[in-house]
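Below is one structure; the comments refer to it alone.
The values are calculated or read from the model by the stated rules, or taken from the named source; none is laboratory data. These figures come from a predicted structure and were not determined experimentally. All Cβ positions, glycine included, derive from the backbone under ideal geometry; neighbour counts span all protein chains shown. Heads up: the accessible areas ignore ligands, DNA and RNA and are worked out on the full protein's heavy atoms, side chains in. Shrake-Rupley method; radii C 1.70, N 1.55, O 1.52, S 1.80 Å.
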Amino acid sequence: MATTNNSAAQAGTATKKRGQFKETWRRLKKNRMAMIGLTVVVFLVLISIFADVLFDYDTVVIKQNTQIRLQGPSAEHWLGTDEFGRDILARLVHGSRVSLSVGVVAVSISLVLGGSLGAAAGFYGGTIDNVIMRFMDILLAVPSLLLSITIVSALGPSIINLMLAIAISSLPGYARIVRASVLTVKDQEFVEAAKCIGANNFEIILSHIIPNCMAPIIVQVSLKVASAILSTSGLSFLGLGVKAPTPEWGAMLSGGRAYLRNAPHLTIFPGIAIIITILSLNLLGDGLRDALDPKLKK
Amino acid sequence: MAENKKDLILDIKDLVIHYETDDGTVEAVNGLDIQLEYGKTLGLVGETGSGKTTTALSILRLVPDPPGVIKNGSITLDGKDILNLPQKDLESIRGNLVSMIFQDPMTSLNPVLTVGEQIAEVIGLHENISEKEAADKAGQMLEVVGIPKERYGEYPHQFSGGMKQRVVIAMALACNPKLLIADEPTTALDVTIQAQVLETMKELREKFGSAMIMITHDLGIIAEVCDEVSVVYAGQIVEHGTLEDVFERTLHPYTEGLFGSLPNIEERRHRLQPIPGLMPDPTDLPKGCCFAPRCKYCTEACTKARPEMKWVSDTHYVRCSRYDEPGFKIERSVQ
Amino acid sequence: MSDTILEVKHLKKYFNTPKGTLHAVDDVSFTLERGKTLGIVGESGCGKSTTGRAILRLIEPTAGEVIFNGEDITKKNKEQMRLLRREMQLIFQDPYASLDPRKTVSEIIGEPLKLQKLIPDAKKRAERVHELMEVVGLADRLINTYPHELDGGRRQRIGIARALAMEPKLIICDEPVSALDVSIQAQILNLMQDLQEQMGLTYIFITHDLSVVNHFANDIAVMYLGQLIEKAPSVTLFDNPVHPYTKALLSAIPVPSLRKKRQRVMLKGEISSPINPKPGCRFAVRCPYATDRCRTEEPKLVEIEKDHFVACHLTEK
């Protein structure tokens with residue numbers, strides 16, 4: 001892992017995988033906006049990992065203290081306190097755990113499921129395509145929030161069910177995007193070339209089709225993590241997500257709306273947290289898409 | 001060379017066009033001269049990236065700007081200074097005085113208009129006549145290029161490739177231009193169809209008396225339709241002359257290389273003599289002769305300075321420093 | 001007969017389209033000797049590429065046999081086919097589309113070796129990739145570049161190296177030079193010729209450019225609308241074309257010379273549709289000599305002189 005090896009020309013096949021990763025990283029580093037996004041995302045992840053170190057859950061995050069309710073930002077409580085006198089910063093920090101994990105897990109589930117379904121539909125076409133895509137159309141016909149609400153109310157509110165609900169409601173999006181990109185890639189000659197050297201369908205999909213479909217998928221993922229966080233917030237807002245007193249950004253946002261006039265910081269700060277997360281994920285996603293494309297080298 | 005300028009439809013002098021991009025300056029055209037008389041046909045031969053299409057676009061002032069910048073030179077078309085003409089005048093020239101046929105007939109027609117309407121539109125734009133008259137004339141133009149008038153109301157997708165290219169030719173000729181620029185007009189077509197289209201073009205040229213610039217990479221097509229040939233390499237004309245000059249009294253080593261690269265129908269199973277190496281990178285052209293790195297006759301002097309134009313007869317010139325030496329000859333000979 | 005590497009018998013490929021059955025390849029038969037080159041010539045839509053792909057079973061033939069080294073490959077299962085792929089390869093027309101833009105040169109050339117587990121060891125595979133690059137004339141420093149950074153000629157060399165990686169016996173070349181510039185075309189043609197001599201390769205050379213095959217092929221087969229209409233040694237075909245279509249095709253080539261002008265046989269009309277073809281000779285609509293018999297009865301491919309086959313009623317007097 002020599003740090004200065006620009007003349008990768010001599011590198012043999014053995015070191016190539018790492019070389020490619022390094023190459024991507026090198027290109028990503030040149031994209032300033034993406035690096036800002038990455039820094040923020042890493043920062044958020046670290047915060048959620050070390051949330052317990054920063055603020056004690058039982059004594060700070062959920063313990064009510066009506067004497068200091070609805071205070072504005074101060075030296076003691078940087079972002080003020082909420083209607084039960086809990087520190088908003090501490091709740092935001094612990095809330096990031098829920099929001100981020102729901103976002104990541106829900107997106108992973110729908111990416112893997114929706115992606116495979118879409119890839120199969122696009123690659124094999126015909127009846128398989130029809131069956132899968134018509135099923136996706138049915139899912140798509142129901143507004144996604146309504147679908148999530150239905151699923152959560154059927155399964156009962158819990159974080160896992162919340163993730164599942166969000167994942168299922170965003171399945172069709174992935175399936176459609178992956179299918180469309182597979183369709184454009186699969187008729188290219190290099191796929192035929194792979195067939196010609198004896199690759200089977202699985203090998204072709206894995207090593208030629210998926211890598212060439214990455215761009216729209218990455219963008220979709222970065223957008224969808226954001227929208228999953230929003231959906232979580234939305235569902236929590238409706239009381240179907242995370243139950244009180246567990247802190248969650250959306251729930252905090254909805255809890256604060258009654259005090260919007262006298263204590264706007266109750267809604268502003270969770271709102272800002274959501275915005276920053278989404279924005280940085282989008283920046284990172286855009287940068288990654290470009291960095292992964294060897295055609296945009298330099 | 002310094003002939004009477006009055007009978008020139010097109011006079012391009014020392015044209016320099018660069019594309020200025022983030023990755024560097026692409027020197028597409030580097031001091032190119034073309035003199036074309038009324039009614040004559042000039043062939044521009046060259047490979048991908050030699051600057052032939054850029055030159056053609058510059059005659060219509062259609063070089064995309066940015067990144068294209070015309071750095072130097074003058075273009076005089078039918079007595080008009082093209083590079084200093086206001087936009088409005090240019091629009092009336094395009095399609096009227098000069099028109100262009102592009103390589104791909106599939107993309108140069110509008111899929112939602114009938115072919116007749118498209119031809120009539122061109123006529124309507126440039127001639128002050130009623131819609132009905134324009135439509136009549138469009139119908140006639142279809143007949144001229146060998147398509148029955150009855151197909152006036154059909155859409156481009158109902159035509160085959162060769163037929164579409166005929167429609168494009170009809171559009172180009174609709175306003176009886178004095179100069180027709182054809183950029184690889186038959187490359188996308190099959191051989192037998194190509195033969196038909198070329199035949200049509202030849203007939204029409206006679207009939208309308210237009211001058212023509214035929215851009216192609218195919219020396220066979222040049223031999224068939226052109227009066228004069230200019231061989232383009234790295235944005236410069238390296239050899240120019242009449243058909244006989246260039247084909248039978250070849251001077252430039254690149255021209256020789258092009259002939260050597262062609263599989264010859266008459267000589268079976270002889271080994272091809274390709275030009276070694278690649279076209280020079282247009283963002284980083286050699287200091288001396290651009291062909292020097294690939295040239296088997298290259299000397300020290302060739303790598304130092306760009307060769308000057310050297311007239312060997314009234315019609316024939318070459319850009320090669322080796323001809324400064326008395327008695328220098330290339331190997332090619334036409335039996 | 002003992003040295004026949006490939007025998008194609010009554011190969012057919014039909015596609016079902018909304019307008020009817022498209023006869024892309026209709027009853028094509030030929031044999032090919034080891035170490036020789038067969039040129040398949042025709043205009044777009046004549047089924048020449050489909051023929052090539054059907055022989056390799058990249059497209060499943062509708063009917064017919066493809067006998068490669070004495071075995072009918074149309075009856076092989078997937079695993080057997082995978083092994084057979086080592087023996088027969090394809091070089092593609094478009095050096096831009098046929099290389100995966102996300103893979104480096106060494107990955108592309110090494111892929112067949114890795115996939116077929118011929119050289120599982122990465123180091124040895126890298127050596128072999130080096131060797132192949134040298135064979136096709138690619139500089140070592142290009143090993144980790146991506147295809148889009150290279151010009152058409154070099155890309156085509158990568159395609160050739162990939163095809164050669166498994167040391168095949170038969171290579172089908174689908175218009176390998178038509179996307180290249182003239183001077184590069186000649187470089188690639190010479191390379192392919194050298195490789196054939198060095199490795200004893202057998203080529204099927206699919207092209208629309210008769211002058212290229214003439215230069216290259218021992219035998220030439222002319223196709224029209226899915227059918228083989230004339231096949232002969234290239235010398236015979238060029239000196240003595242018999243089928244009216246072959247004559248027209250030959251005369252339509254623009255000759256880059258001012259002296260040797262051929263008499264033009266100008267064809268009327270354009271290639272008709274291969275969907276639900278009418279009975280009779282498929283060329284009859286455009287043929288200047290067509291008779292009533294041509295329009296009703298399909299001509300058979302007959303040997304008019306040694307090794308010279310023609311499908312035309314006019315030859316059977």
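Descriptive notes on the structure:
- Using alpha-carbon coordinates, inclination of helix C:182-199 to the longest axis of chain C, degrees: 80
- Helix C:105-115 vs. chain C, principal-axis angle (Cα, 0 to 90°, nearest 10): 80
- With respect to chain C, whose longest principal axis is taken over its alpha-carbon atoms, helix C:152-164 is tilted by about 80°.
- Simple spin-label estimate for A:Leu146 and A:Leu260 in nanometres, 7 Å along Cα-Cβ: 2.5
- Here B:Lys329 is the anchor, and the lysines within straight C-alpha reach of less than 16 Å, apart from those fewer than 8 places off in the same chain, are B:Lys296, B:Lys310.
- Rounded accessible area per residue of the protein assembly as shown, 1.4 Å, Å²: 44
- Relative to the Cα centre, the charge distribution of chain C, modelled as +1 at Lys and Arg Cβ and -1 at Asp and Glu Cβ, gives a dipole magnitude of about 580 debye.
- Spin-label model, B:Thr25 to C:Glu316: label points 7 Å out along the Cα-to-beta-carbon direction sit 7.1 nm apart.
- Cβ-Cβ FRET estimate between A:Val131 and B:Glu91, R0 fixed at 51 Å, reported to 0.05: 0.40
- With a 10 Å cut-off around each Cβ of C:120-126, the average count of Cβ atoms from other chains is 3.
- Eligible lysines near A:Lys30 by straight Cα distance, threshold 19 Å, same-chain separation 8 or greater: A:Lys22, A:Lys295, A:Lys297, A:Lys298
- Chain A shape via C-alpha gyration tensor axes, a/c threshold 1.5: oblate
- Ratio of Rg to Rh for the stretch C:91-200: 0.94 [Cα atoms; Kirkwood radius as inverse mean 1/r over pairs].
- The mean number of Cβ atoms from other chains found within 10 Å of a Cβ in peptide C:212-221 is 3, as a whole number.
- Apolar share of the accessible surface for the stretch C:99-167: 49 percent from carbon plus sulfur atoms, 1.4 Å probe.
- Choice from C:Gly45, C:Gly159, C:Gly137 with maximal GNM fluctuation in chain C (Cα, 10 Å cutoff): C:Gly137
- A simple packing score, the average count of other Cβ atoms within 10 Å per residue, orders the peptides B:209-215, C:265-271 as B:209-215, C:265-271, with the highest score first.
- Theoretical FRET efficiency, 1/(1+(r/R0)^6), r = Cβ-Cβ of B:Asp7 and B:Glu131, R0 41 Å, to 0.05: 0.65
- Computed magnitude of the charge dipole of the stretch C:99-167 (debye, nearest 20; Cβ of K, R +1, Cβ of D, E -1): 160
- Backbone N under 13 Å from the A:Ser116 label point (7 Å along Cα→Cβ), restricted to the stretch A:127-149: none
- Residue-level accessible surface for B:Thr48, protein heavy atoms, 1.4 Å, Å²: 100
- Peptide B:280-289 shows a mean partner chain C-beta count of 0 within 10 Å per residue C-beta.
- Computing FRET efficiency as 1/(1 + (r/R0)^6) for A:Ala215 and A:Phe50, where r is the C-beta to C-beta distance and R0 is 35 Å, gives about 0.55.
- The stretch A:154-189 versus the stretch C:67-105: alpha-carbon centroid distance in Å: 34
- Rounded to the nearest 20 debye, the dipole size of the protein assembly as shown about its Cα centre is 2500 debye, using +1 on the Cβ of Lys and Arg and -1 on the Cβ of Asp and Glu.
- Local electrostatic count, B:Ala234, Cβ distance below 14 Å [Lys/Arg +1, Asp/Glu -1]: -1
- Rounded, prolate or oblate (a/c below 1.5 giving rounded, otherwise prolate when a/b exceeds b/c) for the protein assembly as shown by Cα gyration tensor: prolate
- Between B:Gly73, B:Gly153, B:Gly162, the Gaussian network model of chain B with springs among Cα atoms under 10 angstrom shows the greatest mean-square fluctuation at B:Gly153.
- Charge-dipole axis of the protein assembly as shown as Lys and Arg at +1 and Asp and Glu at -1 on Cβ define it, positive-most pick from B:Ile330, C:Tyr96, A:Leu46: A:Leu46
- In the B-C interface, the accessible area buried, summed over both sides, Å² (probe 1.4 Å): 4100
- In this simple spin-label model, placing a label point 7 Å from the Cα along the Cα-to-Cβ direction at both A:Ile272 and A:Asp58 gives a separation of 3.2 nm.
- Chain A: DSSP helices with Cα axial extent of at least 24 Å and average Kyte-Doolittle hydropathy no lower than 1.6: A:32-49
- Shape of the stretch B:282-334, Cα gyration tensor, a/c cut at 1.5: prolate
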